[in-house]
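Notes follow once the structure below has been shown.
The values are calculated or read from the model by the stated rules, or taken from the named source; none is laboratory data. All values derive from a computational prediction rather than experimental measurement. No Cβ is skipped: glycine too gets one built from the backbone with ideal geometry, and neighbour counts run over all protein chains shown. What goes into the accessible areas is simple: the full protein's heavy atoms, side chains included, and nothing from ligands, DNA or RNA. Shrake-Rupley method; radii C 1.70, N 1.55, O 1.52, S 1.80 Å.
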Amino acid sequence: MTARTVTLTDTEAGQRVVAVEDLTGEADFAVIDIPVRMPLPASSRLETFPAKAVEKALWWEGHILEVLHGRPPEAVRTPRRGRSTVRTAR
């Protein structure tokens, strides 16, 4: 991590800037949500495996990402007033 500060957003208090050092030093600190998909290793290594194994691995990847993020990888967030909705991309 290279940032020295982070901006925290709270529905009641709004936004506030906190030093990363202070935030991670708290006993109850935990990362509970990662809103963006983490980068994956290069898929060129998959070419060395049989096509069926690659197909199965890619299916599991999508399933695991859905479990982690609560929506399928192809889902697109569409913000609406007062609520969060998810729409599947076509």
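General remarks:
- Residue that is surrounded by the most Cβ atoms within 10 Å (Cβ to Cβ), among those in region 42-66 that are assigned to a helix (DSSP H, G or I) and either at positive phi or among the aliphatic types (A, V, I, L, M) (or both): LEU65
- The residue that is modelled with the lowest pLDDT, among those in region 67-78 that are open to solvent by 80 Å² or more (accessible area, probe 1.4 Å) and closer than 20 Å to ILE32 by Cβ, is ARG77.
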